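One structure is given here, and the rest of the page talks about it.
Just so it is clear, none of the values below were taken in a lab; they were calculated from the coordinates. What you see is a predicted model; the values in this text were computed from it and never measured. When we count neighbours, we look across all protein chains shown, and the Cβ atoms used for this are built from the backbone with ideal geometry, even at glycine.
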Amino acid sequence: MTALIMASHNGRKDAVEILLKAKADPNAKAFCKNNSTALIRASQSGYKEIVELLLNAGANPNIQAFGDHNTALITASEKGDKDIVQILLNAGANPHLKKTDDQTAIMLATENRHTQIVKLLKKAGRKFKKTNITQENEGEEEYQEYHFQQTLDFIRNLEFSM
């Protein structure tokens, strides 16, 4: 694990600034269990200012961790961090990337009932040009739409039953 990844994971903005000033690579992966990056770790831990610092230093929001193919956007979406999701989308994060279990950011946000994030991702997904379209992922958009509608229906039912 690099010093930048550790500092990012632990919310040490001061250390992140020093390391970036010393030309630490914001895209370096940790040589451990999942090979995540500083951006993935900062997103996972909810450190908005560090996410911004890393992106401004050239961190690629679309790098996927080696083991599970997690991304900063997937992590922030699953956790429900709307601010970080918006920052990552503004920086060009691809909402269509998948983890090794084929889950996307919108699927995990839906599963965890983060409706505001689902709406952000849905809007971004329409604007973002899909890459690597294959026959395997044909129909995924319809599946996500169905999953999104099911979640909204569930939340509406909760609101009316309370």
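Residues that are more than 10 Å from Leu54 (Cβ to Cβ) and in a helix (DSSP H, G or I) within the range 6-18 comprise Met6, Ala7, His9, Lys13, Asp14, Ala15, Glu17, Ile18, listed in sequence order.
When Ala76 is tested against (1) surrounded by fewer than 22 Cβ atoms within 10 Å (Cβ to Cβ); (2) under 16 Å from Ser36 (Cα atoms), only condition (1) is not met.
Counting only residues that are crowded, with 19+ Cβ neighbours inside 10 Å, over 19 Å from Leu73 (Cα atoms) and among the β-branched types (Val, Ile, Thr), the range 1-40 holds 1 of them.
Quickly run through the range 41-63 and pick out the residues that are touching a Lys or Arg at 6+ places or on another chain (Cβ under 8 Å) and either among the aliphatic types (A, V, I, L, M) or surrounded by fewer than 23 Cβ atoms within 10 Å (Cβ to Cβ) (or both). Scanning the range 41-63 gives Gln44, Gly46, Glu49, Ile50, Leu53, Ile63. For the range 43-78, the set of residues classified as without any contact (Cβ under 8 Å) to a residue 40 or more places away in the chain, within 19 Å of Glu17 (Cβ to Cβ) and out of contact with any strand residue (DSSP E or B) (no Cβ under 9 Å at 6 or more places or on another chain) consists of Ser45, Gly46, Tyr47, Lys48, Glu49, Val51, Glu52, Leu55, Asn56, Ala57, Gly58, listed by residue number.
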